Amino acid sequence: EMRLVESGGGLVKPGGSLRLSCTLSGFTVSGNYISWVRQSQGKGLEWVSIIYTIGTTYYADSVKGRFLISKHTSDDTLFLQMNNLKPDDSGVYYCARGGWQKPFDLWGPGTRLTVSS
Amino acid sequence: QTVVIQEPSMSVSPGGTVTLTCGLQSASMSTNWYPGWYRQMPGQPPRAIIFSTSTRPSGVPERFSGSILGSKAALTITGALADDEGDYYCVVYRGSGISVFGGGTTLTVL
């Protein structure tokens, strides 16, 4: 069965850092485009970042320069390093297979980040 | 900046037909934007309903169809069921690796 499972969410103070993880099973991080998508409480979806099969990365303007997406092909894990966090970064973070011109066809259950003092 | 515009809410009667639309603030929608549609139920991650304008993933009922209508992408539900209620999000591919979601449409079946 193909799955993605996020972890690493929690409570962080403004200006702090956190790293989210996304563990893949049933398919490989090296063979797929994987994105991070977030959703603030009671609000809509916001695409955050993508990493291509070849390792190319892109970011939404709202997180560029603060977030870093990466992957470990050895254990099929995706990461999102988040620095200089702001309250507006709070929400549920999903990793999803897809992005670029491909559909987001597989989603994890999400992990929640709260940025608050 | 790419802004994707959706109706905040729509309603449809059971068995009826409803069309949700997805437009761009500063351009006309086309297949080149690879518009997709996702449905989200409370507490759940989104699920793909339509991708690349009109392609239905396996397992999505035929009552869901996607198209370009005029200058917008459209999701049409024909023969709506109570189970079709939820939040529907449009997403487009802006280029340079970047995707942009619309604000979502809350669909009520009543």
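Hey, could you check the range B:72-96 for residues that are of a type in the set (Val, Ile, Thr) and within 14 Å of chain A (Cβ to nearest Cβ) and say which is nearest to the chain's Cα centre (by Cα)? My answer is B:91. Number of residues in the range A:88-116 that are touching a Lys or Arg at 6+ places or on another chain (Cβ under 8 Å), assigned to a loop (DSSP other than H, G, I, E, B) and within 22 Å of residue B:50 (Cα to Cα) equals 1.
So is residue B:64 open to solvent by 30 Å² or more (accessible area, probe 1.4 Å) and under 14 Å from the mean Cα position of the chain (by Cα) or not? It would help to see each step written out before you state the result.
Working: open to solvent by 30 Å² or more (accessible area, probe 1.4 Å): no; under 14 Å from the mean Cα position of the chain (by Cα): yes.
The answer is no for residue B:64.
Here is the figure for the range B:59-110: residues that are modelled with pLDDT of 95 or more, in a loop (DSSP other than H, G, I, E, B) and on the phi < 0 side of the Ramachandran plot total 10. How many of the residues in the range B:11-29 are assigned to a strand (DSSP E or B) and buried (at least 18 other Cβ atoms within 10 Å of the Cβ)? Number of matching residues: 7. Taken over the range A:25-45, the criterion of being part of a strand (DSSP E or B), surrounded by 14 or more Cβ atoms within 10 Å (Cβ to Cβ) and more than 9 Å from chain B (Cβ to nearest Cβ) is satisfied by A:34, A:36, A:38. Out of A:106, A:68, one residue alone is hydrophobic (A, V, I, L, M, F, W, C), within 14 Å of chain B (Cβ to nearest Cβ) and open to solvent by 10 Å² or more (accessible area, probe 1.4 Å). It is A:106. Taking the conditions exactly as written (under 10 Å from the mean Cα position of the chain (by Cα) and in contact (Cβ under 8 Å) with a residue 24 or more places away in the chain), does residue B:69 satisfy them or not? So residue B:69 fails the test.
The values are calculated or read from the model by the stated rules, or taken from the named source; none is laboratory data. Please read these numbers as outputs of a predicted model, since none were measured by experiment. Every residue, glycine as well, gets a Cβ built from its backbone with ideal geometry; the counts of neighbours run over all protein chains shown. Note: areas computed on protein heavy atoms with side chains; ligands, DNA, RNA excluded. Shrake-Rupley method; radii C 1.70, N 1.55, O 1.52, S 1.80 Å.
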